[in-house]
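Comments concern the structure below.
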Amino acid sequence: MKRRWFLGESAVLFGADQLMKTYVEQNLDKGEEKKLTERIVLRRVHNKGMCLNLLDREPDLVKYLSVFSAAILTLIYGISLTRRKGFWRKKGLALMAAGAWSNTFDRYVRGHVVDYIGFRCENKRVSDVTYNLGDFFLAAGGLTALLSSLFRKDGMKEKENRGERKDKNQEED
C-alpha cells in the first residue's frame, strides 16, 4: 500500500476527532450529557492534564510531554513508511499518530483536551471517565502495533538461523 494512504488515514482520523470536538464544544454545555445508547453518552469534559487528569496542575509540562511524545511517534511512523513490509505496524502507527496529534493540537489551540464519550456502568469510577476518538485511536493503534510485532514473520531471524545452520554444517565436514 502506498505511503500516502497511511498518511491520508492519519489526516482523516485527526480531522474526524477534531470535528467531533468542535461539535461537542458548540452543542453541549460543560457537564451536560446526551444519551446515545443505553450505555454510551455524549458529554463535554475539558481535561488540562493527561489520562485521568494526571498532571492537570502542570498544563505546560503536559503540553511539552505531549508534543515530545507525538514527535517521537511521528519519527517512528515516518521511518516505518520507508520500509516495504509491516502493513499492520504502519496501520497501528497511523492510528496512534492521529490520536496523539489530535490531543496535542487541542492542548496548544484550546488549552485543554476535549473529551466527549462516556460509558454508563455500575462502577461510578468507570462511568466518570470520559474519552475522545483520539484516545481510542491511540489504544487501538498501540494494540495493533504490539500484535503486529508479536506475530510478525521476522525474515532477519530466519536468515540468521539458516546462516548459522550452514556454518554448523560446514564445521562438521
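The values are calculated or read from the model by the stated rules, or taken from the named source; none is laboratory data. All of these numbers come straight from a predicted model, not from anything done at the bench. So basically every Cβ, Gly included, is an ideal-geometry build from the backbone, and we count neighbours across all protein chains shown.
For this structure, a couple of remarks:
- Residue, surrounded by the fewest Cβ atoms within 10 Å (Cβ to Cβ), within the range 12-43, restricted to residues that are over 26 Å from Ala94 (Cα atoms) and in contact with a Leu (Cβ under 6 Å, 6 or more places away or on another chain): Leu36
- Residue under evaluation Ala98, criteria (1) modelled with pLDDT of 95 or more; (2) surrounded by fewer than 16 Cβ atoms within 10 Å (Cβ to Cβ), criterion not met: (2)
- Residue match in the range 142-165 (condition: assigned to a helix (DSSP H, G or I), modelled with pLDDT of 95 or more and in contact with an Asp or Glu (Cβ under 7 Å, 6 or more places away or on another chain)): no
- Residues of the range 49-58 satisfying the condition of being surrounded by 12 or more Cβ atoms within 10 Å (Cβ to Cβ) and farther than 16 Å from Asp135 by Cα: Leu55, Asp56, Glu58
- Filter result for Gly118 (among the small types (Gly, Ala, Ser) and modelled with pLDDT of 95 or more): yes
- Taking the range 59-95 as the range and being surrounded by 14 or more Cβ atoms within 10 Å (Cβ to Cβ) and among the basic types (Lys, Arg) as the test, the residues that pass are Lys63, Arg89, Lys90, Lys91.
- The residue list Tyr131, Tyr108 contains one member that is aromatic (Phe, Trp, Tyr), surrounded by fewer than 21 Cβ atoms within 10 Å (Cβ to Cβ) and in contact (Cβ under 8 Å) with a residue 40 or more places away in the chain, which is Tyr108.
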